[in-house]
Amino acid sequence: MYCPAHFEESRPEVMLGLIAQHPLATVISSGSSGLVADHIPLLHESEQSTAGKLIGHVARSNPLWQAVQGTEHLLVFQGPSAYVSPNWYASKPESGKVVPTWNYAVVHVHATLAASHDPAHIRAVLEKQTRRQEAEQIRPWALADAPEDFTERLLGLIVGIEFRIVRMQGKWKVSQNQGLANRQGVIAGLQALQRDEASSMADLVQAFAPQTAP
């Protein structure tokens, strides 16, 4: 991924934070028919002395898990994104030398794939993912809420997968290349849209302001 230095994000905790908030990964792999992209929610698990792993599951009919074990895949986690209008820049009336752009935050994960057919392991993965995603519910749903025979049948139709992280690359393109007045204009313009994703981007522009204004 092309990433100018002022947009680069290398802190593991920041990249893993984005993954936790936006767990749906675009998993890109290369097969006999060329490049293939799958969309799979994944959960990060920490491990000592490594960057950890991302766990999930796929349908047994999905050929992804049949890839050669240890094959490297590219996982893309997309955070907030928003169009940025030149009208928001304070410098527009001064020189007119402004153009539209698109702000976004994204993490690329290079990881090796392993698959599991062990029902106990798959059940554990489902329980972990469910607890994470149901945490904000008033009455969280649990795997045990479903009839056992129903759950057992479904466990036979899926495969557990885990991606061991080899390396990660983060890019936060959130107006760091703009001066203070222009960044403030972007924040105000995004907030005025009154849309959740635009507001999230406004927060990132504020939070990731460069230490020294260009």
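Kirkwood radius and radius of gyration were both taken over the C-alpha atoms of segment 68-143, and their ratio Rg/Rh is 1.27.
Across the chain, Cα pairs under 8 Å and at least six residues apart give a relative contact order of 26 percent. For segment 118-157, the spread of Cα positions along the three principal axes, ordered from largest to smallest, is 29, 18, 12 Å. Here the residues His39, His108, ranked from fewest to most Cβ neighbours within 10 Å of their Cβ, fall in the order His39, His108.
For the chain, the fraction of C-alpha pairs more than 26 angstrom apart is 47%. Going by C-beta contacts inside 10 Å, put Asp149, Asp38 in order with the fewest on the left. In increasing order of surrounding Cβ atoms, one gets Asp149, Asp38.
In terms of other Cβ atoms within 10 Å, Arg167, Arg183 run from fewest to most in the order Arg167, Arg183. In this simple spin-label model, placing a label point 7 Å from the Cα along the Cα-to-Cβ direction at both Trp102 and Asp149 gives a separation of 5.1 nm.
Can you pull the Kirkwood radius for segment 95-214, inverse mean 1/r over Cα pairs, to one decimal in Å?
On the way: mean 1/r = 0.0537 Å⁻¹.
Result for segment 95-214, one decimal place: 18.6 Å.
Within the same chain, lysines fewer than 8 places from Lys173 are excluded, and of the rest, those with a Cα less than 22 Å from its Cα are Lys92, Lys97.
Each value in this text was obtained by applying a stated rule to the coordinates, not by laboratory testing. None of these values were measured; they are calculated from a predicted model. Glycine gets a Cβ as well: all are built from the backbone with ideal geometry, and neighbour counts include every protein chain shown.
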